[in-house]
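What follows is a single structure, written as structure tokens, with notes after it.
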Amino acid sequence: MDASSKENIQFFCKNPVQPGGRPSVKTEYPSSEERQSCCSELKVFLGGLSFVYFAKALAEGYLKSTITQIERRFDIPSSLVGVIDGSFEIGNLLVITFVSYFGAKLHRPKIIGAGCLIMGVGTLLIAMPQFFMEQYKYEKYLPFSNSTLSFSPCLLEPSSQLPISVMEKSQPQISDECAVDASSSMWIYVFLGNLLRGLGETPIQPLGIAYLDDFASEDNAAFYIGCVQTVAIIGPIFGFLLGSLCAKLYVDIGFVNLDFLPSLRSLLGNPVYFLYLCASTVQFNSLFGMVTYKPKYIEQQYGQSSSKANFVIGLINIPAVALGIFSGGIVMKRFKLSMCGAAKLYLGSSVFGYLLFLSLFALGCENSEVAGLTVSYQGTKPVSYHERALFSDCNARCKCSETKWEPMCGENGITYASACFAGCQTSNMSGENIVFYNCSCVGIAASKSGNFSGTVGRCQKDNGCSKVFLCFLVISAITSYTLSLGGIPGYILLLRCIKPQLKSFALGIYTLAIRVLAGIPAPVYFGVLIDTSCLKWGFKRCGSRGSCRLYDSHAFRYIYLGLTMILGTMSIFLSIAVLLTLKKSYVSEPRSFITKRDRTMVSTRFKKENGATSDHLLHPSHWPGKETRL
């Protein structure tokens with residue numbers, strides 16, 4: 001038996017089997033717990049394999065049910081559709097021999113999982129043309145529906161009945177249609193996707209069935225294989241039923257016209273949308289930078305541990321944000337705010353939130369007292385940092401490494417970069433704590449003589465800092481709630497200021513801008529500026545610079561809060577511009593911003609005043625996007 005077979009066996013049961021694949025003569029008798037674990041894991045594999053069989057059979061049945069639609073959509077002959085359908089078998093035949101032979105010698109569940117991933121990629125590739133092709137052109141009986149010209153259906157010579165102007169018009173239309181037909185070559189995506197499906201499906205049947213037969217008992221093997229095959233038969237039923245349902249739907253449901261650039265130009269040319277996009281991007285820069293480095297800020301500013309910093313953020317700030325978003329939706333519904341009302345709420349939450357954030361500048365703590373970095377070895381402040389600042393007369397006899405950062409807290413309340421820099425001569429381990437003795441530098445700062453000691457770790461900041469930290473948590477939670485209060489009004493403003501058919505596209509551009517222009521760069525430049533406040537860098541074994549060990553609390557606070565406030569102020573001014581532009585648009589073009597509720601009220605009032613108004617006047621027979629409705 002080779003090593004891979006043993007690995008497959010150990011995946012479920014740790015019992016040796018014969019090369020034939022069926023466990024027969026056992027050298028060890030597994031306990032009941034091992035046998036139960038083996039059976040339960042085998043059932044999990046059975047369930048996963050059954051789902052894969054169902055999924056691949058459903059996809060195959062659905063694809064075969066769309067043969068006619070594929071032929072019409074890409075305007076290709078049936079022979080080419082047959083090639084597309086047969087690409088699944090082509091992909092299967094290319095690797096079936098190698099997979100069935102070499103796959104049995106490898107980890108079979110992993111090979112099956114890889115095949116499933118390949119099948120998924122192939123299925124996505126098949127769907128790609130729907131998102132890249134232009135809108136489907138339906139064949140019409142009358143090519144000139146807007147013309148009042150009458151002509152015979154049995155027209156032999158177009159020039160005898162159609163005027164020259166009409167014939168000249170049709171030439172560019174024909175050339176345009178030929179240009180559009182170039183997109184019909186996208187059937188290649190379907191061909192390649194189906195080919196990948198065939199490649200991915202290859203290991204599922206031979207390796208999966210053989211695996212079940214290897215590890216199931218003789219009584220259960222037939223039952224398990226029967227379950228898998230039954231599911232494989234049920235799959236095409238659902239596939240054809242799904243194909244029947246989808247065949248009733250229009251081709252271009254949810255379609256956004258692709259010349260794409262005009263739609264993008266229409267969005268960015270909308271001043272309200274563009275200004276709101278800029279305001280949101282700047283605001284999310286401040287929020288992403290603030291949230292990313294908030295745990296570090298709590299650790300360095302208030303001397304809290306990483307565990308506690310993450311705990312308070314998860315327990316206080318995140319629920320405050322969730323409550324603020326929910327409250328924004330409630331306010332919009334309760335007061336039935338218009339677009340201007342939503343813009344005002346969005347602006348007001350930003351102004352009030354950043355005013356609260358401004359108060360955090362006053363809630364800072366002093367720097368930790370670290371000898372040679374923030375205080376001198378005599379304990380006086382301030383100290384001018386230089387390359388040899390960590391060295392002093394009290395540790396001159398010690399051979400200390402400047403690159404090491406193993407902080408020690410002296411009994412005088414001053415932190416030292418290491419016990420060596422504290423001039424400690426001896427040490428003693430008491431349980432998990434290490435106590436250093438005869439620390440000459442500790443005695444100098446205390447201005448006393450004696451056997452001064454210290455313990456591992458940084459000294460805690462004074463008790464006043466803990467009270468400041470509580471105030472910080474309260475104001476931070478209120479600020480998070482206030483800023484998130486404008487989230488829903490902002491989204492409503494985004495959805496209402498653009499054309500209805502561009503909503504999905506507008507949200508996509510908005511999300512793209514936020515992620516590319518805020519989510520990626522904000523943590524980078526925030527981090528670069530924060531690193532300028534570092535007092536002590538760590539070093540890697542190879543000698544290159546590592547992470548920062550100690551920050552200047554004052555510089556850190558001014559950089560972190562100051563950068564957030566600058567970006568927040570910029571977003572406030574852009575939000576004011578959004579509100580002013582929106583008010584101007586309301587005055588000049590009130591119809592373009594009428595809400596659904598207003599249209600309903602106007603329609604009801606019109607019905608009451610004109611009872612004889614016919615339905616077709618209130619409900620036109622055609623509106624944009626009708627073809628995409630179910």
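Annotations
- For Trp537 and Met429, the FRET efficiency from 1/(1 + (r/R0)^6), where r spans their Cβ atoms and R0 equals 22 Å, is about 0.15.
- Cβ-defined net charge surrounding Lys64, 14 Å radius [Lys, Arg +1; Asp, Glu -1]: -2
- Subset of Lys308/Lys404; Lys381/Lys461; Lys294/Lys333; Lys399/Lys540; Lys404/Lys467 violating a 22 Å alpha-carbon distance limit: Lys308/Lys404; Lys294/Lys333; Lys404/Lys467
- Using the Stokes-Einstein relation with a Kirkwood hydrodynamic radius computed over Cα pairs, the translational diffusion coefficient of segment 38-84 at 4 °C and a viscosity of 1.567 mPa s comes to 101 µm²/s.
- Taking segment 274-397 and dividing mean pair separation by its residue count, relative contact order in percent (alpha carbons under 8 Å, at least six apart): 15 percent
- Near-label residues of segment 492-536 by backbone N, under 20 Å of a point 7 Å along Cα→Cβ of Lys333: 492-496
Every number here is computed from the coordinates shown, using simple stated rules; none is lab data. What you are looking at is a predicted structure, and each value in this text was computed from that prediction instead of being measured. All Cβ positions, even for glycine, are placed from backbone atoms using ideal geometry, and neighbour counts span all protein chains on display.
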